[in-house]
Amino acid sequence: MEFVYVVPREKLFRDCYPQGLVSFADEAERRALEDCIRTEGFFCERDYAERTPSLKQVIPYTVFQAGEEVLLMRRLAKSGESRLHGKLSLGVGGHINPEDIASADRCDPIADGTRREIEEEILVQGSYELETVGFLNDDSNPVGAVHVGIVQIAHVEGSIEIREKQVLEGSLVSLPSLHERFEAGDTFETWSSILIQDLPALSLAHACT
């Protein structure tokens, strides 16, 4: 039985239910969301969470950027999530499980979940800096209705490789090439399709500061 980290929808979205990518206006907005996730979240059975839209499963969703290129991936048939097989993705992410939490005294669900997903799937030869830039919410379909993505950019100094080659393939692509593939009709998973439209502003903002 799998347990996943969730936050009640009403705690995350007090005034409205935002749709699509919501960028943080400032550090105060980012800290407020992270504090809400840390203090209001809890673990519950995944099967229950998947059919309960009043709960949002928190998914750290990390885009890897090296220079002016980003990592574009494709989930292979051996990957665990059958709904994503064959689809292109910009984000490394997954559910936060109890074993991800470093300790009860230093609970940081986003950071702890991010660390495990990156260690499992990506090999960075060099260093990277994580920047949390916003969140993704899509209530237009049953899967999106029970998940929220915390969007992070990993700014990499060095090389990037896929670690789990049996379930994932990927390479660095330029932003113009990425848009060309999207416009040509390549099949992207839903969150990546949403993110592509705003990725240039998000990914290049750090490099220009």
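Nothing in this text is a laboratory measurement; each read-out follows from the coordinates by a stated rule. Everything numeric in this text was worked out from a predicted model, so none of it was measured. Because the Cβ atoms are built from the backbone with ideal geometry, glycine has one as well, and the counts that use them run over all protein chains shown.
Each of the peptides 49-60, 122-133, 157-168 was scored by the mean count of other Cβ atoms within 10 Å over its residues; in descending order, highest first, they stand as 49-60, 122-133, 157-168.
Take a quick pass over the chain and tell me how many lysine pairs come in under 20 angstrom between Cα atoms, counting only ones 8 or more apart or on separate chains. The number of close lysine pairs in the chain is 4.
I'd like the orientation of helix 27-40 relative to the chain: the angle between its Cα long axis and the longest Cα principal axis, in ° from 0 to 90, rounded to 10. It is inclined by approximately 50 degrees.
Can you work out the FRET efficiency for the pair Arg14 and Arg51, with r the C-beta to C-beta distance and R0 = 25 Å, to the nearest 0.05?
Values: r = 24 Å, r/R0 = 0.94.
Computed FRET efficiency for Arg14 and Arg51 comes out at 0.60.
The calculated 222 nm mean residue ellipticity attributable to helices in the chain amounts to -8000 deg cm²/dmol, summing -39500 (n - 2.57) over DSSP H runs of n ≥ 4 and dividing by all residues. Here the Karplus relation 6.51 cos²θ - 1.76 cosθ + 1.60, evaluated at θ = phi - 60°, turns the backbone of region 189-195 into coupling constants of 5, 4, 4, 5, 4, 5, 5 Hz, with x for every Gly and Pro.
How would you classify region 3-207 from its alpha-carbon gyration tensor, with a ≥ b ≥ c the square roots of the eigenvalues: rounded for a/c under 1.5, else prolate if a/b is greater than b/c, otherwise oblate?
rounded
Can you give the relative contact order of the chain as a percent, counting alpha carbon pairs under 8 Å and 6+ residues apart? Write out the running numbers ahead of the final one.
On the way: 383 pairs, mean separation 56.0, N = 209.
Relative contact order for the chain comes out at 27 percent.
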